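What follows is a set of notes on a single structure, which appears directly below.
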Amino acid sequence: MRIHFDNSYAHLGSPLSLPQRPDPVSSPELIRVNEGLAEDLGIDSGWLASEEGVQILSGNALPEGAEPVATAYAGHQFGNFNPQLGDGRAVLLGEVLSTHDRRFDLQLKGSGRTPWSRGGDGRSPLGPVLREYIVSEAMAALGVPTTRALAAVATGETVVRDGLEPGAILTRVASSHLRIGTLQYFAAREDRDSMARIVEHALARHYPDAQNTDLPALALLNRVIEAQAALVARWQMLGFIHGVMNTDNMLLSGETVDYGPCAFMEQFNPDTVFSSIDTQGRYAYSNQPGIAHWNLARLAESLLPLIDDDTDQAVAQATTAIQRFPELFAEAHRAALAEKLGLSDFNEQDQDLANDLFSALAEDKADFTLAFRFLAEDIKPDSEGTGADTLFSPGKHFLEWLPRWKQRQEREDEALVTRQARMLRASPAFIPRNHLIQRAITDAEGGDYTLFHRLVDRLANPSRFDLKDRELAIPAEPQERVLRTFCGT
Ligand code: AMP
Ligand code: MG
(Lines give C-alpha, C1' and ligand atoms only; values in the text may rest on other atoms or scores of the structure.)
(Ligands and ions follow the chains in the order given, each with its own letter.)
Protein backbone atom coordinates (compact mmCIF):
# COMPACT_ATOMS: atom_id res chain seq x y z
CA MET A 1 0.00 0.00 0.00
CA ARG A 2 1.34 3.40 -1.00
CA ILE A 3 -0.93 5.27 1.41
CA HIS A 4 -1.72 3.64 4.74
CA PHE A 5 -5.39 4.35 5.18
CA ASP A 6 -7.27 3.85 8.43
CA ASN A 7 -10.74 5.22 7.80
CA SER A 8 -12.47 5.70 11.12
CA TYR A 9 -15.08 8.27 10.01
CA ALA A 10 -16.23 6.40 6.91
CA HIS A 11 -16.67 3.38 9.17
CA LEU A 12 -19.21 5.29 11.27
CA GLY A 13 -21.32 4.97 8.12
CA SER A 14 -24.61 6.53 7.14
CA PRO A 15 -26.10 9.02 7.88
CA LEU A 16 -22.79 10.70 8.85
CA SER A 17 -21.45 10.17 5.35
CA LEU A 18 -22.39 8.52 2.07
CA PRO A 19 -20.09 6.49 -0.17
CA GLN A 20 -19.10 8.70 -3.08
CA ARG A 21 -16.43 8.16 -5.71
CA PRO A 22 -14.72 11.14 -7.27
CA ASP A 23 -15.68 11.81 -10.91
CA PRO A 24 -12.83 11.24 -13.39
CA VAL A 25 -11.39 14.16 -15.36
CA SER A 26 -10.10 14.19 -18.91
CA SER A 27 -6.41 15.07 -18.76
CA PRO A 28 -5.02 15.76 -15.32
CA GLU A 29 -1.66 17.46 -14.89
CA LEU A 30 0.27 17.95 -11.72
CA ILE A 31 0.72 21.52 -10.52
CA ARG A 32 2.54 20.84 -7.28
CA VAL A 33 3.08 18.21 -4.63
CA ASN A 34 3.90 19.28 -1.09
CA GLU A 35 6.94 17.08 -0.56
CA GLY A 36 7.47 17.82 3.13
CA LEU A 37 3.86 17.20 4.02
CA ALA A 38 3.74 14.01 1.95
CA GLU A 39 6.76 12.62 3.79
CA ASP A 40 5.19 13.58 7.17
CA LEU A 41 2.19 11.51 6.14
CA GLY A 42 4.38 8.57 5.22
CA ILE A 43 3.63 9.01 1.50
CA ASP A 44 6.45 8.87 -1.02
CA SER A 45 6.33 12.30 -2.66
CA GLY A 46 8.06 11.03 -5.82
CA TRP A 47 5.35 8.44 -6.26
CA LEU A 48 2.63 11.02 -5.56
CA ALA A 49 4.04 13.20 -8.35
CA SER A 50 4.25 10.24 -10.75
CA GLU A 51 1.70 9.35 -13.41
CA GLU A 52 0.08 6.92 -10.96
CA GLY A 53 -0.03 9.54 -8.19
CA VAL A 54 -1.58 12.17 -10.45
CA GLN A 55 -4.35 9.74 -11.42
CA ILE A 56 -5.18 9.51 -7.73
CA LEU A 57 -4.87 13.25 -7.01
CA SER A 58 -7.30 13.95 -9.85
CA GLY A 59 -9.84 11.36 -8.75
CA ASN A 60 -9.28 9.19 -11.83
CA ALA A 61 -8.02 6.28 -9.75
CA LEU A 62 -8.61 5.24 -6.18
CA PRO A 63 -5.61 4.32 -4.08
CA GLU A 64 -5.73 0.97 -2.35
CA GLY A 65 -7.39 1.34 1.05
CA ALA A 66 -9.35 4.48 0.22
CA GLU A 67 -13.07 4.45 1.06
CA PRO A 68 -14.29 7.72 -0.41
CA VAL A 69 -17.31 9.39 1.16
CA ALA A 70 -19.12 12.70 1.06
CA THR A 71 -19.91 13.93 4.57
CA ALA A 72 -23.12 15.47 5.85
CA TYR A 73 -23.20 18.90 7.45
CA ALA A 74 -25.43 21.92 7.87
CA GLY A 75 -24.52 25.48 8.78
CA HIS A 76 -25.39 29.06 9.50
CA GLN A 77 -24.39 31.02 6.42
CA PHE A 78 -24.24 34.77 7.04
CA GLY A 79 -26.50 34.20 10.03
CA ASN A 80 -29.13 32.06 8.30
CA PHE A 81 -29.45 28.38 9.07
CA ASN A 82 -29.24 25.98 6.15
CA PRO A 83 -30.10 22.49 7.45
CA GLN A 84 -28.44 20.74 4.52
CA LEU A 85 -25.08 21.63 3.02
CA GLY A 86 -22.65 18.69 3.01
CA ASP A 87 -19.67 17.98 0.78
CA GLY A 88 -21.01 19.23 -2.53
CA ARG A 89 -17.69 19.35 -4.34
CA ALA A 90 -15.37 17.26 -2.22
CA VAL A 91 -14.83 13.69 -1.15
CA LEU A 92 -13.02 12.38 1.86
CA LEU A 93 -10.68 9.72 0.45
CA GLY A 94 -9.85 8.41 3.88
CA GLU A 95 -7.61 8.95 6.90
CA VAL A 96 -3.90 8.39 7.29
CA LEU A 97 -1.66 8.25 10.33
CA SER A 98 1.35 10.53 10.13
CA THR A 99 4.88 9.48 11.00
CA HIS A 100 4.13 11.10 14.39
CA ASP A 101 1.04 8.91 14.72
CA ARG A 102 -1.37 11.78 14.24
CA ARG A 103 -4.50 11.13 12.22
CA PHE A 104 -5.32 13.22 9.14
CA ASP A 105 -8.11 13.36 6.58
CA LEU A 106 -7.18 13.28 2.91
CA GLN A 107 -9.83 15.11 0.92
CA LEU A 108 -10.14 15.87 -2.78
CA LYS A 109 -11.75 19.27 -3.29
CA GLY A 110 -13.25 19.93 -6.71
CA SER A 111 -13.75 16.21 -7.37
CA GLY A 112 -17.23 16.29 -8.89
CA ARG A 113 -20.86 16.20 -7.96
CA THR A 114 -22.23 14.45 -4.88
CA PRO A 115 -25.73 14.06 -3.42
CA TRP A 116 -25.09 17.39 -1.62
CA SER A 117 -24.21 19.38 -4.73
CA ARG A 118 -27.63 21.02 -5.16
CA GLY A 119 -27.26 23.17 -8.31
CA GLY A 120 -23.45 23.18 -8.22
CA ASP A 121 -21.10 21.42 -10.61
CA GLY A 122 -18.94 19.88 -7.89
CA ARG A 123 -15.87 21.40 -9.46
CA SER A 124 -13.38 24.07 -8.57
CA PRO A 125 -11.70 26.63 -10.78
CA LEU A 126 -7.91 26.89 -10.78
CA GLY A 127 -7.82 30.27 -9.02
CA PRO A 128 -9.38 29.20 -5.71
CA VAL A 129 -7.25 26.04 -5.66
CA LEU A 130 -4.05 28.06 -6.00
CA ARG A 131 -5.27 30.61 -3.45
CA GLU A 132 -6.00 27.89 -0.92
CA TYR A 133 -2.66 26.21 -1.59
CA ILE A 134 -0.70 29.44 -1.10
CA VAL A 135 -2.58 30.77 1.91
CA SER A 136 -3.09 27.54 3.85
CA GLU A 137 0.58 26.61 3.50
CA ALA A 138 1.60 30.14 4.53
CA MET A 139 -0.63 29.88 7.59
CA ALA A 140 0.99 26.58 8.52
CA ALA A 141 4.44 28.17 8.23
CA LEU A 142 3.22 31.08 10.36
CA GLY A 143 2.36 28.56 13.06
CA VAL A 144 -1.41 28.96 12.76
CA PRO A 145 -3.51 25.78 13.12
CA THR A 146 -4.83 25.10 9.65
CA THR A 147 -5.79 22.55 7.05
CA ARG A 148 -2.95 21.94 4.61
CA ALA A 149 -2.46 21.50 0.89
CA LEU A 150 -0.90 18.19 -0.13
CA ALA A 151 -1.20 18.70 -3.87
CA ALA A 152 -2.87 20.59 -6.68
CA VAL A 153 -3.66 19.24 -10.12
CA ALA A 154 -5.18 20.88 -13.18
CA THR A 155 -8.03 18.82 -14.58
CA GLY A 156 -7.64 19.74 -18.24
CA GLU A 157 -11.33 20.65 -18.20
CA THR A 158 -13.04 23.99 -17.97
CA VAL A 159 -15.60 25.13 -15.41
CA VAL A 160 -18.23 27.77 -15.97
CA ARG A 161 -18.18 30.68 -13.52
CA ASP A 162 -18.21 34.29 -14.75
CA GLY A 163 -16.84 32.87 -17.95
CA LEU A 164 -14.92 29.69 -18.70
CA GLU A 165 -12.10 28.96 -16.29
CA PRO A 166 -9.60 26.12 -16.10
CA GLY A 167 -10.54 23.48 -13.53
CA ALA A 168 -8.36 22.13 -10.75
CA ILE A 169 -8.46 19.85 -7.71
CA LEU A 170 -6.84 20.42 -4.35
CA THR A 171 -5.86 17.59 -2.05
CA ARG A 172 -6.58 18.91 1.39
CA VAL A 173 -5.21 17.52 4.63
CA ALA A 174 -6.95 18.23 7.93
CA SER A 175 -6.91 16.85 11.47
CA SER A 176 -10.52 16.24 10.56
CA HIS A 177 -13.24 17.96 8.58
CA LEU A 178 -15.71 17.89 11.48
CA ARG A 179 -17.40 21.25 11.61
CA ILE A 180 -19.76 23.02 13.97
CA GLY A 181 -22.18 22.44 11.11
CA THR A 182 -21.63 18.67 11.30
CA LEU A 183 -23.28 18.59 14.71
CA GLN A 184 -25.88 21.14 13.62
CA TYR A 185 -26.97 18.81 10.82
CA PHE A 186 -27.90 16.05 13.26
CA ALA A 187 -29.23 18.41 15.91
CA ALA A 188 -31.67 19.79 13.33
CA ARG A 189 -32.87 16.22 12.74
CA GLU A 190 -32.99 15.44 16.46
CA ASP A 191 -30.66 12.53 15.75
CA ARG A 192 -29.06 12.23 19.17
CA ASP A 193 -27.45 8.93 18.40
CA SER A 194 -25.45 10.33 15.48
CA MET A 195 -24.56 13.40 17.52
CA ALA A 196 -23.23 11.26 20.35
CA ARG A 197 -21.12 9.29 17.89
CA ILE A 198 -19.66 12.45 16.41
CA VAL A 199 -18.91 13.87 19.85
CA GLU A 200 -17.12 10.70 20.88
CA HIS A 201 -15.21 10.59 17.59
CA ALA A 202 -14.19 14.25 17.82
CA LEU A 203 -13.01 13.92 21.41
CA ALA A 204 -10.96 10.83 20.62
CA ARG A 205 -9.40 12.52 17.64
CA HIS A 206 -8.78 16.04 18.85
CA TYR A 207 -8.98 16.12 22.62
CA PRO A 208 -8.15 12.60 23.81
CA ASP A 209 -7.21 13.80 27.30
CA ALA A 210 -10.78 15.09 27.73
CA GLN A 211 -12.41 11.75 26.90
CA ASN A 212 -12.83 10.38 30.39
CA THR A 213 -15.83 12.33 31.49
CA ASP A 214 -19.49 11.78 32.24
CA LEU A 215 -20.33 14.72 30.00
CA PRO A 216 -18.50 14.31 26.69
CA ALA A 217 -20.62 16.94 24.90
CA LEU A 218 -19.77 19.59 27.47
CA ALA A 219 -16.10 18.59 27.43
CA LEU A 220 -16.04 18.92 23.65
CA LEU A 221 -17.81 22.27 23.77
CA ASN A 222 -15.25 23.63 26.23
CA ARG A 223 -12.32 22.37 24.20
CA VAL A 224 -13.63 23.80 20.94
CA ILE A 225 -14.22 27.13 22.67
CA GLU A 226 -10.62 27.15 23.88
CA ALA A 227 -9.21 26.12 20.51
CA GLN A 228 -11.22 28.72 18.58
CA ALA A 229 -10.35 31.52 21.01
CA ALA A 230 -6.67 30.74 20.51
CA LEU A 231 -7.11 30.45 16.76
CA VAL A 232 -8.94 33.72 16.17
CA ALA A 233 -6.41 35.56 18.37
CA ARG A 234 -3.70 34.30 15.98
CA TRP A 235 -5.68 35.53 12.98
CA GLN A 236 -6.08 38.97 14.50
CA MET A 237 -2.36 39.22 15.19
CA LEU A 238 -1.54 38.52 11.55
CA GLY A 239 -4.23 40.71 10.03
CA PHE A 240 -5.86 37.61 8.56
CA ILE A 241 -9.47 38.00 7.47
CA HIS A 242 -11.24 34.72 6.91
CA GLY A 243 -14.14 36.14 4.98
CA VAL A 244 -16.73 33.34 5.36
CA MET A 245 -16.94 32.48 9.04
CA ASN A 246 -20.09 30.43 8.57
CA THR A 247 -20.59 27.63 11.09
CA ASP A 248 -19.87 25.06 8.37
CA ASN A 249 -16.47 26.69 7.97
CA MET A 250 -15.42 26.36 11.62
CA LEU A 251 -13.77 23.09 12.54
CA LEU A 252 -14.13 21.31 15.88
CA SER A 253 -10.35 20.75 15.78
CA GLY A 254 -9.66 24.50 15.90
CA GLU A 255 -7.88 24.51 12.53
CA THR A 256 -8.55 27.26 10.00
CA VAL A 257 -10.56 25.91 7.08
CA ASP A 258 -12.04 27.16 3.83
CA TYR A 259 -9.76 29.68 2.22
CA GLY A 260 -12.40 31.17 -0.04
CA PRO A 261 -12.53 34.94 -0.03
CA CYS A 262 -9.87 35.24 2.69
CA ALA A 263 -7.10 37.83 2.60
CA PHE A 264 -4.46 39.46 4.74
CA MET A 265 -5.09 43.10 5.49
CA GLU A 266 -2.46 45.55 4.28
CA GLN A 267 -3.37 49.10 5.41
CA PHE A 268 -4.64 48.72 8.93
CA ASN A 269 -8.35 49.36 9.20
CA PRO A 270 -10.48 47.33 11.62
CA ASP A 271 -13.51 47.58 9.33
CA THR A 272 -11.76 45.81 6.47
CA VAL A 273 -13.89 43.33 4.51
CA PHE A 274 -12.71 41.51 1.41
CA SER A 275 -15.43 39.05 0.51
CA SER A 276 -17.49 40.22 -2.45
CA ILE A 277 -20.63 38.67 -0.99
CA ASP A 278 -20.20 40.14 2.51
CA THR A 279 -22.11 43.31 1.77
CA GLN A 280 -23.01 43.97 5.43
CA GLY A 281 -19.45 43.57 6.66
CA ARG A 282 -20.53 40.74 8.95
CA TYR A 283 -17.11 39.11 8.68
CA ALA A 284 -15.00 42.28 8.90
CA TYR A 285 -11.63 42.02 10.67
CA SER A 286 -12.84 43.54 13.92
CA ASN A 287 -15.95 41.33 13.99
CA GLN A 288 -14.08 38.01 13.83
CA PRO A 289 -13.86 37.38 17.60
CA GLY A 290 -17.53 38.22 18.07
CA ILE A 291 -18.55 35.99 15.18
CA ALA A 292 -16.50 33.11 16.55
CA HIS A 293 -18.32 33.58 19.84
CA TRP A 294 -21.68 33.61 18.05
CA ASN A 295 -20.80 30.45 16.10
CA LEU A 296 -19.76 28.70 19.29
CA ALA A 297 -23.11 29.60 20.82
CA ARG A 298 -24.71 27.78 17.85
CA LEU A 299 -22.53 24.76 18.65
CA ALA A 300 -23.62 24.95 22.29
CA GLU A 301 -27.28 25.07 21.26
CA SER A 302 -26.96 22.02 19.09
CA LEU A 303 -25.27 20.08 21.90
CA LEU A 304 -27.94 20.91 24.52
CA PRO A 305 -29.81 17.57 24.27
CA LEU A 306 -26.56 15.72 24.99
CA ILE A 307 -25.62 17.94 27.92
CA ASP A 308 -28.69 17.36 30.08
CA ASP A 309 -32.21 15.95 29.67
CA ASP A 310 -33.41 18.90 31.69
CA THR A 311 -33.27 21.79 29.23
CA ASP A 312 -32.78 24.47 31.88
CA GLN A 313 -29.85 22.55 33.32
CA ALA A 314 -28.38 22.06 29.86
CA VAL A 315 -28.75 25.73 29.00
CA ALA A 316 -27.15 26.77 32.28
CA GLN A 317 -24.12 24.55 31.68
CA ALA A 318 -23.73 25.53 28.04
CA THR A 319 -24.06 29.21 28.91
CA THR A 320 -21.31 28.96 31.51
CA ALA A 321 -19.08 27.41 28.87
CA ILE A 322 -19.90 29.97 26.19
CA GLN A 323 -19.34 32.87 28.56
CA ARG A 324 -15.72 31.81 28.89
CA PHE A 325 -15.00 32.80 25.29
CA PRO A 326 -14.44 36.56 25.59
CA GLU A 327 -11.89 36.21 28.36
CA LEU A 328 -10.16 33.25 26.70
CA PHE A 329 -9.89 35.28 23.52
CA ALA A 330 -8.68 38.39 25.36
CA GLU A 331 -6.06 36.33 27.16
CA ALA A 332 -4.76 34.76 23.95
CA HIS A 333 -4.82 38.15 22.26
CA ARG A 334 -2.83 39.75 25.10
CA ALA A 335 -0.28 36.95 24.98
CA ALA A 336 0.13 37.36 21.23
CA LEU A 337 0.42 41.15 21.56
CA ALA A 338 3.06 40.75 24.25
CA GLU A 339 5.07 38.62 21.82
CA LYS A 340 4.75 41.14 19.04
CA LEU A 341 5.66 44.06 21.28
CA GLY A 342 8.52 42.18 22.95
CA LEU A 343 7.03 42.29 26.44
CA SER A 344 7.40 39.57 29.03
CA ASP A 345 4.23 40.56 30.82
CA PHE A 346 1.25 42.57 29.76
CA ASN A 347 -0.70 44.79 32.11
CA GLU A 348 -3.49 47.31 31.66
CA GLN A 349 -1.12 50.11 30.67
CA ASP A 350 0.38 47.82 28.08
CA GLN A 351 -3.10 47.29 26.70
CA ASP A 352 -3.46 51.07 26.41
CA LEU A 353 -0.10 51.24 24.67
CA ALA A 354 -1.22 48.57 22.21
CA ASN A 355 -4.58 50.24 21.63
CA ASP A 356 -2.81 53.50 20.87
CA LEU A 357 -0.55 51.70 18.43
CA PHE A 358 -3.59 50.35 16.61
CA SER A 359 -5.09 53.85 16.49
CA ALA A 360 -1.83 55.22 15.12
CA LEU A 361 -1.66 52.49 12.47
CA ALA A 362 -5.22 53.26 11.44
CA GLU A 363 -4.54 57.02 11.29
CA ASP A 364 -1.39 56.47 9.24
CA LYS A 365 -3.04 53.80 7.07
CA ALA A 366 0.09 51.83 7.84
CA ASP A 367 0.81 48.36 6.52
CA PHE A 368 -0.07 46.05 9.41
CA THR A 369 2.63 43.46 8.71
CA LEU A 370 5.51 45.82 8.00
CA ALA A 371 4.70 48.08 10.98
CA PHE A 372 5.06 45.20 13.44
CA ARG A 373 8.08 43.90 11.57
CA PHE A 374 9.64 47.36 11.91
CA LEU A 375 9.30 47.10 15.69
CA ALA A 376 10.86 43.65 15.69
CA GLU A 377 13.83 44.88 13.68
CA ASP A 378 14.12 48.22 15.43
CA ILE A 379 14.27 46.88 18.95
CA LYS A 380 17.94 46.16 18.44
CA PRO A 381 19.11 48.67 15.84
CA ASP A 382 22.67 47.37 15.47
CA SER A 383 21.88 43.68 15.44
CA GLU A 384 22.07 41.31 12.53
CA GLY A 385 18.57 42.69 11.90
CA THR A 386 17.30 41.32 8.63
CA GLY A 387 16.79 44.65 6.88
CA ALA A 388 13.03 44.34 6.53
CA ASP A 389 12.65 47.57 8.54
CA THR A 390 13.76 49.49 5.45
CA LEU A 391 10.49 48.47 3.76
CA PHE A 392 8.42 50.49 6.20
CA SER A 393 8.12 54.26 6.17
CA PRO A 394 6.79 55.18 9.59
CA GLY A 395 3.90 57.63 9.55
CA LYS A 396 3.39 60.63 11.78
CA HIS A 397 1.23 58.91 14.38
CA PHE A 398 3.44 55.87 14.52
CA LEU A 399 6.50 58.07 15.13
CA GLU A 400 4.69 59.86 17.94
CA TRP A 401 3.86 56.54 19.54
CA LEU A 402 7.29 54.94 19.13
CA PRO A 403 9.10 56.66 22.08
CA ARG A 404 6.46 55.39 24.49
CA TRP A 405 7.14 51.82 23.41
CA LYS A 406 10.89 52.37 23.68
CA GLN A 407 10.42 53.67 27.20
CA ARG A 408 8.33 50.64 28.07
CA GLN A 409 11.10 48.41 26.70
CA GLU A 410 13.49 49.77 29.31
CA ARG A 411 11.55 47.91 31.99
CA GLU A 412 12.25 44.56 30.31
CA ASP A 413 15.26 42.67 31.52
CA GLU A 414 15.45 39.72 29.16
CA ALA A 415 18.45 39.91 26.80
CA LEU A 416 17.75 41.96 23.68
CA VAL A 417 18.79 39.19 21.31
CA THR A 418 16.34 36.75 22.84
CA ARG A 419 13.57 39.30 22.82
CA GLN A 420 14.28 40.20 19.22
CA ALA A 421 14.32 36.58 18.08
CA ARG A 422 10.88 36.12 19.59
CA MET A 423 9.54 39.30 18.00
CA LEU A 424 10.90 38.38 14.58
CA ARG A 425 9.11 35.06 14.81
CA ALA A 426 5.85 36.71 15.87
CA SER A 427 6.00 39.37 13.15
CA PRO A 428 6.73 37.86 9.74
CA ALA A 429 8.29 39.80 6.89
CA PHE A 430 6.22 37.90 4.35
CA ILE A 431 2.50 37.26 4.23
CA PRO A 432 0.51 36.11 1.20
CA ARG A 433 -0.36 39.50 -0.21
CA ASN A 434 -3.53 39.62 -2.20
CA HIS A 435 -2.19 41.31 -5.32
CA LEU A 436 0.60 38.72 -5.55
CA ILE A 437 -1.85 35.84 -5.16
CA GLN A 438 -3.98 37.44 -7.84
CA ARG A 439 -0.99 37.87 -10.14
CA ALA A 440 0.10 34.27 -9.53
CA ILE A 441 -3.40 33.10 -10.47
CA THR A 442 -3.56 35.21 -13.62
CA ASP A 443 -0.12 33.97 -14.69
CA ALA A 444 -1.13 30.37 -14.01
CA GLU A 445 -4.30 30.75 -16.02
CA GLY A 446 -1.98 31.69 -18.88
CA GLY A 447 0.13 28.60 -18.21
CA ASP A 448 2.95 30.21 -16.21
CA TYR A 449 3.26 28.84 -12.66
CA THR A 450 6.55 30.61 -11.82
CA LEU A 451 5.09 33.13 -9.39
CA PHE A 452 2.83 30.52 -7.77
CA HIS A 453 5.84 28.32 -6.98
CA ARG A 454 7.94 31.28 -5.90
CA LEU A 455 5.26 32.42 -3.46
CA VAL A 456 4.79 28.97 -1.98
CA ASP A 457 8.56 28.55 -1.56
CA ARG A 458 9.05 32.01 -0.07
CA LEU A 459 6.13 31.78 2.34
CA ALA A 460 7.49 28.55 3.77
CA ASN A 461 9.93 30.80 5.68
CA PRO A 462 7.88 33.91 6.39
CA SER A 463 10.07 35.33 9.13
CA ARG A 464 13.40 35.09 7.37
CA PHE A 465 13.79 38.24 5.28
CA ASP A 466 15.95 38.29 2.21
CA LEU A 467 16.40 41.48 0.21
CA LYS A 468 16.17 39.59 -3.08
CA ASP A 469 12.52 38.91 -2.28
CA ARG A 470 11.78 42.54 -1.44
CA GLU A 471 9.02 42.74 -4.04
CA LEU A 472 7.17 39.91 -2.29
CA ALA A 473 7.26 41.73 1.05
CA ILE A 474 5.98 45.16 0.09
CA PRO A 475 2.33 46.19 -0.06
CA ALA A 476 0.42 46.62 -3.30
CA GLU A 477 0.74 49.91 -5.11
CA PRO A 478 -2.61 51.71 -5.14
CA GLN A 479 -3.36 50.56 -8.69
CA GLU A 480 -2.48 46.94 -7.78
CA ARG A 481 -4.69 46.70 -4.70
CA VAL A 482 -7.18 43.86 -4.65
CA LEU A 483 -10.07 44.96 -2.49
CA ARG A 484 -12.52 42.18 -3.28
CA THR A 485 -12.09 38.44 -3.13
CA PHE A 486 -14.47 35.74 -4.27
CA CYS A 487 -15.60 32.40 -2.91
CA GLY A 488 -14.33 29.40 -4.77
CA THR A 489 -17.80 28.35 -5.81
P1 AMP B 1 -18.21 26.91 0.88
O2 AMP B 1 -18.49 28.18 0.20
O3 AMP B 1 -16.99 26.22 0.38
O4 AMP B 1 -18.20 27.00 2.37
O5 AMP B 1 -19.39 25.93 0.47
C6 AMP B 1 -20.70 26.02 0.98
C7 AMP B 1 -21.53 24.87 0.47
O8 AMP B 1 -21.70 24.93 -0.94
C9 AMP B 1 -20.95 23.49 0.74
O10 AMP B 1 -22.01 22.61 0.98
C11 AMP B 1 -20.26 23.16 -0.56
O12 AMP B 1 -20.10 21.78 -0.74
C13 AMP B 1 -21.23 23.75 -1.57
N14 AMP B 1 -20.57 24.09 -2.84
C15 AMP B 1 -19.73 25.10 -3.05
N16 AMP B 1 -19.32 25.12 -4.33
C17 AMP B 1 -19.91 24.09 -4.96
C18 AMP B 1 -19.90 23.57 -6.30
N19 AMP B 1 -19.17 24.13 -7.25
N20 AMP B 1 -20.64 22.48 -6.54
C21 AMP B 1 -21.36 21.90 -5.59
N22 AMP B 1 -21.44 22.33 -4.32
C23 AMP B 1 -20.72 23.42 -4.00
MG1 MG C 1 -17.05 25.48 3.33
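The values are calculated or read from the model by the stated rules, or taken from the named source; none is laboratory data. Remember, predicted model here, so these are calculated numbers, not experimental data. A quick note on method: Cβ atoms are made from the backbone with ideal geometry, for glycine too, and the neighbour counts reach across all protein chains shown. Surface accessibility is based on the protein's heavy atoms, side chains included, excluding ligands, DNA and RNA. Shrake-Rupley method; radii C 1.70, N 1.55, O 1.52, S 1.80 Å.
The mean sequence separation of alpha-carbon pairs under 8 Å and at least six residues apart, normalised by the residue count of the range 342-489, gives a relative contact order of 27 percent. Helical runs (DSSP H, four residues minimum) scored at -39500 (n - 2.57) apiece and divided by the length of the chain put the mean residue ellipticity at 222 nm at -13500 deg cm²/dmol. A simple charge model with +1 on the Cβ of Lys and Arg, -1 on the Cβ of Asp and Glu and nothing else charged puts the dipole of the range 10-176 at about 640 debye relative to its Cα centre. The Cα atoms of the range 355-489 define a convex hull whose projected area, averaged across directions, is 10.0 nm².
The ellipsoid that matches the Cα gyration tensor of the range 10-176 has semi-axes, each √(5λ) in whole angstrom, of 23, 20, 17, with the longest given first. By DSSP, what percent of the beta bridges with both residues in the chain are antiparallel, rounded to the nearest 5? Antiparallel: roughly 95 percent of the beta bridges in the chain.
Summarising the label geometry, the points placed 7 Å from Cα in the beta-carbon direction at residue 365 and residue 27 lie 4.7 nm from one another.
Averaging the sequence gap over all C-alpha pairs within less than 8 Å and six or more residues apart, then dividing by the number of residues, gives the chain a relative contact order of 14 percent. When peptides 344-353, 49-58, 74-83 are ranked by their average number of other Cβ atoms within 10 Å per residue, the highest-first order is 49-58, 74-83, 344-353. For the chain, the number of Lys pairs with C-alpha atoms closer than 29 Å, counting only pairs eight or more positions apart or on separate chains, is 14.
Annotation note: trypsin sites (Lys or Arg not before Pro) in the range 60-137 located in DSSP loop regions with a Cβ neighbour count of at most 15 within 10 Å are 102, 118.
Per-residue packing, averaged as other Cβ atoms within 10 Å, sorts the ranges 365-374, 165-174 into the order 165-174, 365-374, beginning with the highest.
Long hydrophobic helices in the chain: the complete DSSP H runs spanning 27 Å or more by Cα along their own axis with mean Kyte-Doolittle hydropathy of at least -1.0 are 216-238, 288-307. When the Cα atoms of the range 180-313 are aligned to their principal axes, the ranges along those axes come out at 49, 29, 25 Å in descending order.
For the range 342-489, a simple Cβ point-charge model (Lys and Arg +1, Asp and Glu -1, everything else neutral) yields a dipole of about 320 debye relative to the Cα centre.
Rolling a 1.4 Å probe over the protein chains gives residue 146 an accessible area of about 10 Å². Figure note: 218, 252 ranked by solvent-accessible area, largest first, 1.4 Å probe, ligands and nucleic acids not counted: 218, 252. Applying both filters, DSSP loop and at most 12 other Cβ atoms within 10 Å, to the GluC sites (Glu not before Pro) of the range 78-176 eliminates every site. Here's the picture: charge each Lys and Arg Cβ at +1 and each Asp and Glu Cβ at -1 in the range 10-176, and of 92, 114, 68 the one pushed furthest to the positive end of that dipole is 114. Solvent-accessible surface of protein heavy atoms, probed at 1.4 angstrom with all chains present, puts 176, 359 in the order 359, 176, largest first. Per the Cα gyration tensor, the chain maps to an equivalent ellipsoid with semi-axes of 36, 29, 20 Å, ordered largest to smallest. Under 14 Å from a label point set 7 Å out along the Cα-to-Cβ vector of residue 39, the amide N atoms of the range 91-135 belong to 99-100.
Name all residues of the range 99-117 having a backbone nitrogen under 13 Å from the label point set 7 Å from the Cα of residue 6 along its Cα→Cβ direction, giving them as ranges. Under cut-off, by backbone N: 99-105.
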